[in-house]
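A short write-up of the structure that comes next.
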Amino acid sequence: MRISAKSVGALALSASLFTGVGGCDELPEIDGPSLPEISIPPLPSELPSEFPSELPNPFPSESGAVDPEPEASEPAPAPDKTSEGAPTEPSPESEPSESATVDAAEEPAEEPETVWWPWILAAVAALVLLAVWWRWFAKRRAWDKGLEEARSELAWFEGSLIPQILSKPSAAEATALWQAARPRVLDLDRDLHDLEETAPNEERGLSAAQGLDALRGLTDAVDTEASTDAATDSDALRARRAAVEAARTRAQGWISAGKR
């Protein structure tokens, strides 16, 4: 019968143990202090994080040969999920890093640059319009003031000068007074004519024209009244006096229209 290598090894090991136990009584006594000191190296503070997955086999196989270490097989390629219709995961390069996101959040947003030239143009246009309006307003105010002065002059002519002329006892005295005041009346005629020409609107021009007609009608009536000689009869004197009163009434209407 064929004896295996394991059986032979077991018998040899048993014989050695039996022989050693039998010889234990013959060992000399060991003196403890005379023994040499044995230094034990310190254990490492850190154990290795990884241990080999397989330990080498200390016992040979029955055939006496050690099995060679199996070669590591190449990992099988992962299945292509894109072809199966599954969504592909984004690559790390396409995702923004955390530091880039933090930097973008910390950077203050740039304020848009203010454009000033439209505001400057608007201010210049407003100033021009204001200047034009002020000039027009000042011109109209000066025209209204000139018309009021003309009304005051016509009121003096109608209410003060004509009564003095009519109250004179002789035609010579009435004519002398009229000739002395005539240049002032002529200045009023020129002023009313200028006001009619420079009126800011049609309504004011019409008012100046009515005042000018009233002044000229009153001037003609006084001219006729002051030139009356002694040979004129009483009926002619009454007709001329009635013409003067009619001209005064017309002038009074224009004067009172400006006070409303």
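The values are calculated or read from the model by the stated rules, or taken from the named source; none is laboratory data. For clarity, every value in this text was computed on a predicted model and none was experimentally measured. We place every Cβ from the backbone using ideal geometry, glycine too, and count neighbours over all the protein chains shown. To get the accessible areas, we keep the full protein, side chains included, count just its heavy atoms, and leave off ligands, DNA and RNA. Shrake-Rupley method; radii C 1.70, N 1.55, O 1.52, S 1.80 Å.
Taking GLU225, is it open to solvent by 70 Å² or more (accessible area, probe 1.4 Å), acidic (Asp, Glu) and assigned to a helix (DSSP H, G or I)? Criteria not met by GLU225.
For GLN164, indicate whether it is within 12 Å of THR219 (Cα to Cα), of a type in the set (S, T, N, Q) and open to solvent by 60 Å² or more (accessible area, probe 1.4 Å). Judged against the criteria, GLN164 is not a match. Pairing residues of region 240-260 that are closer than 24 Å to ALA171 by Cβ with residues that are aromatic (Phe, Trp, Tyr), at Cβ distances under 8 Å and at least 6 apart in sequence or on separate chains, gives ALA251/PHE157.
Taken together, the residues in region 199-218 that are within 17 Å of ASP187 (Cα to Cα) and open to solvent by 50 Å² or more (accessible area, probe 1.4 Å) amount to 3. The set of residues from region 135-161 being under 54 Å from the mean Cα position of the chain (by Cα) and open to solvent by less than 40 Å² (accessible area, probe 1.4 Å) comprises TRP143, GLY146, LEU147, ALA150.
Kindly indicate whether SER227 is hydroxyl-bearing (Ser, Thr, Tyr), under 24 Å from PHE137 (Cβ atoms) and either at pLDDT below 95 or touching a Phe, Trp or Tyr at 6+ places or on another chain (Cβ under 8 Å) (or both). The answer is no for SER227.
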